[in-house]
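*Asks:* I have a structure here, written as structure tokens, and I will follow up with some questions on it.
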There are 2 protein chains.
Amino acid sequence: MFRKEIKVTDCTLRDGGLINKWQFSHEMVRKVFLAVNQSGVDYMELGYRASRKMFDPKEYGPWRFTTDEDVREIIADTPVNMKLGVMVDIGRVEEEDIAPCEESPLDFIRVATYIHDIDKAIALANHVDAKGYESFINIMAISTAGEFELREALNQIEAETNVVAVNIVDSFGFLYSESVHYLVKLFLEKLKTKSTGFHAHNNQQLGFANTIEAIRKGANYLDGTITGIGRGAGNCPLELLLSFLRNPKFNIEPVLQVIEDVFLDLRQKIEWGYLIPYMITGILNEHPRTAIALRQDPQKKDKYAEFYRTMTTPECFSEK
Amino acid sequence: MFRKEIKVTDCTLRDGGLINKWQFSHEMVRKVFLAVNQSGVDYMELGYRASRKMFDPKEYGPWRFTTDEDVREIIADTPVNMKLGVMVDIGRVEEEDIAPCEESPLDFIRVATYIHDIDKAIALANHVDAKGYESFINIMAISTAGEFELREALNQIEAETNVVAVNIVDSFGFLYSESVHYLVKLFLEKLKTKSTGFHAHNNQQLGFANTIEAIRKGANYLDGTITGIGRGAGNCPLELLLSFLRNPKFNIEPVLQVIEDVFLDLRQKIEWGYLIPYMITGILNEHPRTAIALRQDPQKKDKYAEFYRTMTTPECFSEK
């Protein structure tokens, strides 16, 4: 699939950091940066930008904050072939945390939002845009968004923002291909002057497949992470996505090399990928938090049948 | 997706046995049989039927041969809710190895073939059919079959056999959704009196996704294995497939239970699933044998970038 409008965003560090509170060393981040920079990827999301007033830097690693200083240190004197950026959460960042774009090594900022916070997301995206960054909005947990609210949100984003793209985020890994087709069609219909993007989760081993389906139906902004690293079941693996996109500018070799050099070892220390508890929350259209908690309980982490019974027994829901 | 014509075949033991020469204990096989029998699955393929003259029972476990005696021992006095069967390879089984169906606990036999052996496969399927079994033909390595040969093969199967279904087997895990759509459409067009089936491999994490796509386009015979066990990257995970098929007759709880009881431990002893070397052979439309050999070499098993370079450098091909 070669379509020149297609742009790939690597979110390895941002989404992967959700597993370990962004405790990645500068050495590791530099290796990942170099690999992605050589792979032909268009955008790299290095972490979250969050306020140090709200999160304790003793508890959270540097990529929770992704300061301009840390980003400059990672880049050093390497020529950057891609756009660099961060994600921001509504209410977790202050205006003073975001310098004007011309003073920053960053090029883009993505605003993550649930459908009910869309007005706040628009305000934040417009703030980011006014400071000179490319702005994006990611609508999370799309599989629980009401159709009426979603249509209204898309109308508003189209009318009131300058975002480059709006990303469909399948946070729970619930979508099947036909739902992806339906959503991409809706986004394309509503967003006449913006692009549509897709961010998958892999609870049902559909992260890559759903990304392909989004591409087939016209989404041009696609997210991936190296080896699919990300909270819970993880994401669409970047190595598969780049290989699918026949554009000669992409090169998977540096990605394969950094998997060897960094991710094999990391996977021994932190967990992500297709595991039955995440599959269960995925098929039930639930946030993975119950599955994450289960995986942290050494007695229960592999009690799959019991977990499934709990999650599907209505009277247990009230205890959650 | 609830379509009453849909039939699911579990091939956990048959395909999983390719990893360890079918060295599964009767106790383990009994547990898997009971779980599948409770799950609502329609067909269970217990192993291969092969001639003891051609394979040494000291080297190969019982499910390389899957004798009627062994099957009776597994069933014991359990009421069987599904059809039981085996796979046969052309030239690896003799007529005397197959008793008349009425004397056997088995109900079906699937003939595995490459496209160039289709005449032999038809003869063997007809032999099996004459003995009273439901017969099937699985066309392996479909992603390397020439279109002309494939059309001819389907014409012949339609005209000359009584097979219940012909299965598209993506042995190399190479297919994307659009190729699956194309093949299923072709099979449906050619096979007026037979059903179409699909057997996926998971080299690109598309095993389940491609099975969904085959279903969407009209394939009614679908293969899965518990946790996706199978040679190399493995197969479409049965637990995902059953959950996707909304037919109330399916129940994933016994499958989740046996994953806990049997497969977690087994995965510590033998390897299957998405791993970069299998991804590489998949995207290159190659048999996984080079990747399997790599995984058995402790020095090289994780040398992904080097393996990719070897596999994509034309002069290295001559050495393979």
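*Asks:* Kindly check whether there is at least one residue in the range A:8-20 that is surrounded by fewer than 19 Cβ atoms within 10 Å (Cβ to Cβ) and touching a helix residue (DSSP H, G or I) at 6+ places or on another chain (Cβ under 7 Å).
*Replies:* As a first pass, look at the range A:8-20 and keep what is surrounded by fewer than 19 Cβ atoms within 10 Å (Cβ to Cβ): A:18, A:20.
So of that shortlist, the ones also touching a helix residue (DSSP H, G or I) at 6+ places or on another chain (Cβ under 7 Å) come out as none.
Taking every residue of the range A:8-20 in turn, none turns out to be surrounded by fewer than 19 Cβ atoms within 10 Å (Cβ to Cβ) and touching a helix residue (DSSP H, G or I) at 6+ places or on another chain (Cβ under 7 Å).
*Asks:* Does A:ARG52 qualify as being among the charged types (D, E, K, R), surrounded by fewer than 16 Cβ atoms within 10 Å (Cβ to Cβ), within 18 Å of A:ASN37 (Cβ to Cβ) and in contact (Cβ under 8 Å) with a residue 12 or more places away in the chain?
*Replies:* no
*Asks:* Something else: When you scan the range A:266-282, how many residues do you find that are of a type in the set (Val, Ile, Thr) and within 20 Å of the chain's Cα centre (by Cα)? Even if it seems obvious, please write down each step before you answer.
*Replies:* Let us first name the residues in the range A:266-282 that are of a type in the set (Val, Ile, Thr), namely A:270, A:276, A:280-281.
Narrowing further to those that are within 20 Å of the chain's Cα centre (by Cα): A:270, A:281.
Of the residues in that region, 2 qualify.
*Asks:* Going through B:ASN251, B:ASN285 one at a time, which residue ends up being closer than 24 Å to A:SER243 by Cα and touching a helix residue (DSSP H, G or I) at 6+ places or on another chain (Cβ under 7 Å)?
*Replies:* Numbers: B:ASN251 fails: closer than 24 Å to A:SER243 by Cα.
When all the criteria are applied, what remains is B:ASN285.
*Asks:* So, one more: Out of the helices (runs of 4 or more DSSP H) lying entirely within the range A:191-306, which hold 1 or more residues that are closer than 20 Å to A:LEU46 by Cβ and within 11 Å of chain B (Cβ to nearest Cβ)? Lay out the reasoning, then the answer.
*Replies:* On the way: elements: A:207-216, A:238-244, A:253-258, A:264-269, A:276-283, A:289-295.
Those helices (runs of 4 or more DSSP H) span A:238-244, A:253-258.
*Asks:* Which pairs have Cβ atoms under 6 Å, sit 6 or more apart or on different chains, and link a residue in the range B:148-161 that is within 15 Å of B:GLU189 (Cβ to Cβ) to one that is in a helix (DSSP H, G or I) and of a type in the set (A, V, I, L, M)?
*Replies:* Here the result reads B:ALA153/B:ILE115; B:ALA153/B:ILE118, each pair linking the range B:148-161 to a residue that is in a helix (DSSP H, G or I) and of a type in the set (A, V, I, L, M).
*Asks:* Here's something else I'd like to know. Among the residues of the range B:153-190, write down those that are within 14 Å of another protein chain (Cβ to nearest Cβ), out of contact with any strand residue (DSSP E or B) (no Cβ under 9 Å at 6 or more places or on another chain) and not aromatic (Phe, Trp, Tyr).
*Replies:* The answer is B:GLY173, B:SER177, B:GLU178, B:SER179, B:HIS181.
*Asks:* Looking at B:SER171 and the list (1) assigned to a loop (DSSP other than H, G, I, E, B); (2) in contact with a helix residue (DSSP H, G or I) (Cβ under 7 Å, 6 or more places away or on another chain); (3) among the polar types (S, T, N, Q); (4) buried (at least 21 other Cβ atoms within 10 Å of the Cβ), which single condition is not satisfied?
*Replies:* Looking at each condition in turn, B:SER171 falls short on (2).
*Asks:* On to the next question. Six or more apart or on different chains, Cβ atoms under 6 Å: show the pairs whose first residue is in the range B:188-209 and aliphatic (A, V, I, L, M) and whose second is modelled with pLDDT of 95 or more and surrounded by fewer than 20 Cβ atoms within 10 Å (Cβ to Cβ).
*Replies:* B:LEU188/B:GLY218; B:LEU191/B:GLU158
*Asks:* Going by the structure shown, is B:ARG231 under 26 Å from A:GLU306 (Cα atoms) and not assigned by TED's automatic domain parsing to the domain that holds B:PRO288?
*Replies:* Values: under 26 Å from A:GLU306 (Cα atoms): no; not assigned by TED's automatic domain parsing to the domain that holds B:PRO288: yes.
The answer is no for B:ARG231.
*Asks:* Test each condition in (1) at pLDDT 95 or above; (2) surrounded by fewer than 14 Cβ atoms within 10 Å (Cβ to Cβ) for A:PHE263 and report the one that comes out false.
*Replies:* (2)
*Asks:* Looking only at the range B:200-219, decide whether some residue is among the small types (Gly, Ala, Ser), crowded, with 24+ Cβ neighbours inside 10 Å, under 16 Å from the mean Cα position of the chain (by Cα) and on the phi > 0 side of the Ramachandran plot.
*Replies:* Within the range B:200-219, not a single residue is among the small types (Gly, Ala, Ser), crowded, with 24+ Cβ neighbours inside 10 Å, under 16 Å from the mean Cα position of the chain (by Cα) and on the phi > 0 side of the Ramachandran plot.
The values are calculated or read from the model by the stated rules, or taken from the named source; none is laboratory data. Everything quoted here is computed from the prediction, not taken from an experiment. Methodologically, a virtual Cβ is constructed for each residue, glycine included, from the backbone with ideal geometry; neighbour enumeration extends over all protein chains shown.
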